[in-house]
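Inspection log for the structure reproduced underneath, given as structure tokens.
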Amino acid sequence: MYVKKPRLLTPGPTPLYPPAARAMAGADMHHRTGEFIEVYRSVIAGLRYFMGTENGIALFAASGTGAMEAAVSNLFSAGDKAIVCTAGKFGERWLRIAQAFGLDTVVIEKPYGESVKPEQVAQALAGNAGVQGVFIQATESSTGVSHDVEAIGKIVAATDAILVVDAITGLGTSVLEIDAWGLDVVIGGSQKAVMIPPGLAYCSVSEKALQRAAAASNPYFYFDLRKHIAAGVEGDSPWTPAASLILGLGEVLRFVREIGREKLIANAQLLARAARGAAQALGLELFVRDAIPAGAVTAIRPPAGIDSGEIVKRYKSDFAAIVANGQGSMKGRVFRYAHLGYFDFHDLFATVAELELILHDLGRPVEFGTGVRAAQAVYLAAQAADRTEAPR
Ligand SMILES: *Cc1c(COP(=O)(O)O)cnc(C)c1O
């Protein structure tokens, strides 16, 4: 009760990978030395492995939104027609960026908690001549929902349009076959599954998309995709790179190669499944409806009559744990647990046990252990599957 370890349980920023935190302390390295160039080159190669693509990679000193803006500024011209899929706060961000750059937007909007369906995208493409691009999230972090980017990718790939995917929380938490599914631009950010602080944005860009860059006329200077991609393979960056974050990212990408990128994804999905099971066992409703639940983050409705902010506050005051409240109009109506990056079952078991104590303290009937037991059942099933796969 008297010692409380601060813990970050939010879908960005996420807990730091300790070797990365230590590597970041060595940041008095000059970025134009051979030593750093080697690190930068391996980080670009490591990102390509982590993302699972042959496409070019651009790495920016910016939060994730910087790469979102780069996609719009580099690949489109004012007046271009674009379909924007939105079902949450981050979909709304796509719309605002597209509008800021003068795109002629066709909006497919779904209520919070639901996902945009592939057939809606097919219909919008068929009903609007000359669509140049489609914007979507792989995972809508504000609602805990994943969109079916596999099906949508295949639909868009058959047209002249390019598909631009904000996978800032989708990467490392869901399977994304970037090249096979035709995901032209896929965007990530450093404070999510790659376990380092905010400040880096990265994206992969297909040949189809790069061809658009030559003809596009929206203005940009700093966020130049082609310059960053070309420099990156040489271990170089057009402007001063965020050296400290890149040193940290190098450590994380080494770790991802060690365990395998598919294992990092499986880890997030397993924790997400356990979180959903625990919430439901405690009689709580998930926010996701008629959609694929995200591996990155689980959004849970509080019991009737309780503001989710109250649960968030108790986590902080009683356990020094930072849990995310809802964003925008979802504030007070949902609380969110993250599973992306450096999270494990130890984190989840504690998070659920604490929720039981918080609900009890808020005057709700709780049979202690109900949620924890549901999470343990997911763990046991995974352990059994693991042992069949690789007998010891
Ligand atoms: C975190 C996040 C972003 C990026 O936000 P920044 O504040 O710019 O890092 C964008 N999209 C999604 C889905 C996110 O989760």
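The values are calculated or read from the model by the stated rules, or taken from the named source; none is laboratory data. Computed from a prediction, not measured in an experiment: that's the story for all the values here. Because the Cβ atoms are built from the backbone with ideal geometry, glycine has one as well, and the counts that use them run over all protein chains shown.
Among residues belonging to the stretch 127-180 that are of a type in the set (Asp, Glu) and over 17 Å from the mean Cα position of the chain (by Cα), point out the one that is nearest to PHE76 (Cα to Cα).
Filtering the stretch 127-180 down to residues of a type in the set (Asp, Glu) leaves 140, 148, 150, 160, 166, 177, 179.
Keeping just the survivors that are over 17 Å from the mean Cα position of the chain (by Cα) gives 160, 179.
Values: ASP160: 13, ASP179: 21 Å.
Once the filter is applied, the top-ranked residue is ASP160.
Residues of the stretch 168-188 include at least one that is more than 16 Å from the ligand (Cβ to nearest atom), on the phi > 0 side of the Ramachandran plot and either in a strand (DSSP E or B) or not aliphatic (A, V, I, L, M) (or both). Contact map, the stretch 196-208: first residue at positive phi, second residue away from the ligand (no atom under 12 Å from the Cβ), Cβ cut-off under 6 Å, separation 6 or more or different chains; pairs are GLY199/ALA242; GLY199/LEU245.
Against the conditions (1) modelled with pLDDT of 95 or more; (2) closer than 27 Å to HIS147 by Cα, where does ARG289 fall short? Just the number, please. Every listed condition holds for ARG289 apart from (1). Evaluated against (1) closer than 23 Å to ALA216 by Cβ; (2) among the small types (Gly, Ala, Ser); (3) in contact with a helix residue (DSSP H, G or I) (Cβ under 8 Å, 6 or more places away or on another chain), SER141 falls short on exactly one condition, (1).
Only one residue in LEU9, LEU75, LEU59 is more than 22 Å from TYR202 (Cβ to Cβ), of a type in the set (A, V, I, L, M, F, W, C) and in contact with a helix residue (DSSP H, G or I) (Cβ under 7 Å, 6 or more places away or on another chain), so which one is that?
Working: LEU75 fails: more than 22 Å from TYR202 (Cβ to Cβ); LEU59 fails: more than 22 Å from TYR202 (Cβ to Cβ).
Within the list LEU9, LEU75, LEU59, the selection yields LEU9.
For the stretch 158-167, name all the residues that are away from the ligand (no atom under 13 Å from the Cβ) and either charged (D, E, K, R) or buried (at least 24 other Cβ atoms within 10 Å of the Cβ) (or both). Please lay out each step first, then the result.
The first filter runs over the stretch 158-167 and keeps only residues away from the ligand (no atom under 13 Å from the Cβ), leaving 158-163.
ASP160, ALA161, ILE162, LEU163, listed by residue number.
Among the residues making up the stretch 331-364, those that are under 21 Å from the mean Cα position of the chain (by Cα) and part of a loop (DSSP other than H, G, I, E, B) are LYS331, VAL334, HIS339, LEU340, GLY341, TYR342, PHE343, ASP344. Scanning the stretch 309-330 for residues that are under 27 Å from MET1 (Cα atoms), outside any loop (DSSP other than H, G, I, E, B) and more than 16 Å from the ligand (Cβ to nearest atom) yields a count of 12. Name the residues in the stretch 72-87 that are crowded, with 24+ Cβ neighbours inside 10 Å and either within 17 Å of the chain's Cα centre (by Cα) or among the basic types (Lys, Arg) (or both), would you? Answer for the stretch 72-87, where residues must be crowded, with 24+ Cβ neighbours inside 10 Å and either within 17 Å of the chain's Cα centre (by Cα) or among the basic types (Lys, Arg) (or both): CYS85, ALA87.
Here is a check on your reading of the model: is VAL121 aliphatic (A, V, I, L, M), within 25 Å of THR298 (Cβ to Cβ) and buried (at least 24 other Cβ atoms within 10 Å of the Cβ)? So VAL121 fails the test. Listed conditions (1) in contact with a Pro (Cβ under 6 Å, 6 or more places away or on another chain); (2) within 21 Å of VAL175 (Cα to Cα); (3) surrounded by fewer than 19 Cβ atoms within 10 Å (Cβ to Cβ) are all met by SER141, apart from (3).
When every residue of the stretch 199-207 is checked against the conditions, at least one turns out to be in a loop (DSSP other than H, G, I, E, B) and away from the ligand (no atom under 16 Å from the Cβ). Applying a threshold of 8 Å to beta carbon distances and a minimum spacing of six or more residues, or different chains, the list of pairs starting in the stretch 130-151 at a residue that is touching a residue at least 12 places away in the same chain (Cβ under 8 Å) and at positive phi and ending at one that is more than 8 Å from the ligand (Cβ to nearest atom) and of a type in the set (Ser, Thr, Tyr) reads GLY144/THR298.
When the residues of the stretch 252-308 are filtered to those that are free of Cβ contacts under 8 Å to residues at least 12 places away in the same chain and in a helix (DSSP H, G or I), which remaining residue is nearest to the ligand (Cβ to nearest atom)? Steps first, please.
So in the stretch 252-308, the residues free of Cβ contacts under 8 Å to residues at least 12 places away in the same chain come out as 258-260, 263, 266, 304-305.
Filter again for in a helix (DSSP H, G or I), leaving 258-259, 263, 266.
On the way: GLU258: 26, ILE259: 23, LYS263: 22, ALA266: 20 Å.
Out of the qualifying residues, it is ALA266.
The residues of the stretch 365-376 that are in a helix (DSSP H, G or I) and over 17 Å from ASN267 (Cβ atoms), listed by number, are THR370, GLY371, VAL372, ARG373, ALA374. Looking at SER217, SER204, just one residue is of a type in the set (Gly, Ala, Ser), buried (at least 24 other Cβ atoms within 10 Å of the Cβ) and over 14 Å from the mean Cα position of the chain (by Cα), and that residue is SER204.
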